[in-house]
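Each reported figure results from applying straightforward, stated rules to the coordinates on display, with no laboratory input. What you are looking at is a predicted structure, and each value in this text was computed from that prediction instead of being measured. Here the Cβ positions follow ideal geometry from the backbone for every residue, glycine too, while neighbour counts run over all protein chains shown.
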Amino acid sequence: MFIVVVDVELTPEELAAVTIQRATRGLLARRERVRRQKEKQDYEDLMDRLEKEAFVALVRREQEEAEWKRKKEEDERKGKKEEQVLRTRLLEAAFDGEAEEVLAILKEVSDRDTKRGLGLDEAGKRQRLLNQLFMINITDANGNTAVSEAAGGGQPEVITLLVERGADINTRGAFGRTPIYRAAFGGHLGAVQTLLQLGADPRTHADDGSTPEQVASEEAVVATLQNWDLSATDSMLSKMKAEEQRRAEEEEKQNEFIHTGCVSDVRWPLLVDTYGQAATFLRYRDTNYLDALHPGDMQPDKLRLALLGAIRFGKPLVINMMEVDLFESVQNQLDQVNPGLSEQLMNKELLQEERYLSLVRSTDGPQYARTEFMLDRIEKFILVLVTKQRHPPDALLTAFYPIHVMLPEPKI
């Protein structure tokens, strides 16, 4: 086999064309190299900036958590101190018969509830009532309540005031002594008469087995106790038991009302969690938890898989926005997964007619096959948005069903 090499001489025009082509290709190659270098540098700069922002956000969050813990401990100490002061004031006012001071203390409890953001809706009114009852039935170190102190001090007006507001008239304090026992022991005829009329049981025994009649220090008190119609006491005790049952039924109805309201409302829940406890609780439960402030959690594919998995396994999808209003950003990220996905999720159309299958990708594996989605699990799916903002934007309150997370009252 022979190869013949022919040396062809190019014309000046062809040489010029070749030169231009070489120069052009070189120029384009240099430009492409510069573009790629810039693209690489921009990417590295972006990663560096995101890393720094993530570090700053992490430090800020740790600082916020430390500040929250410090503030929580400080609030608890302050709350215990205030509770102790109120308790001492109430017990002393009851013993001294200062009805106006008792009313002022109960008003302070109500004002404190308002300051803490407790509303005037049905649930708020119920909690306010419980807080009032807690204060009215608060005890000293020996177990004596305010009504017991009023009985010991012989104060019929304060006894009536407290019992009308829910005080337990037959509570046992130090040495198992009831209010009527202490009133009889102190020889307070007016207090004994008032207690009997309000339902106090004169048959109660102290720890040593003695009765109010046996320890009464005045003949008039002894006579009153001996001549009292016990059938009237039994009747009042039955009424008090019926009232307790009515309150329990009312509380059950109230809880049912709140539950029905949450279930029947078509909106997803918004947890207004100013202390962050609900978010911490949800993070470690069986949920798909996403941090809206974390760039990685808001990547479209991770958001897609979190949503798809929550629907597939019937779990809550929790998105925590912390103190920032990121709802619009979350919506935008959802729409990057599928156009219109945020609206479908909000109005729950995504869960109908197998529309959720539009989230499945060919690379997701057999666990997300159509046959793996069970209706009973899909019905358990719920979207939960969490915010630490005390007053979320009106648009957020309209789009979601707001639930305010309240901390329990500190126990003394």
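In the condition set (1) farther than 14 Å from ALA306 by Cα; (2) without any contact (Cβ under 8 Å) to a residue 60 or more places away in the chain, ARG361 is compliant with all but (1).
Applying the condition of being within 50 Å of the chain's Cα centre (by Cα) and in a helix (DSSP H, G or I) to segment 205-232 and asking which residue is nearest to ARG177 (Cα to Cα) yields PRO212.
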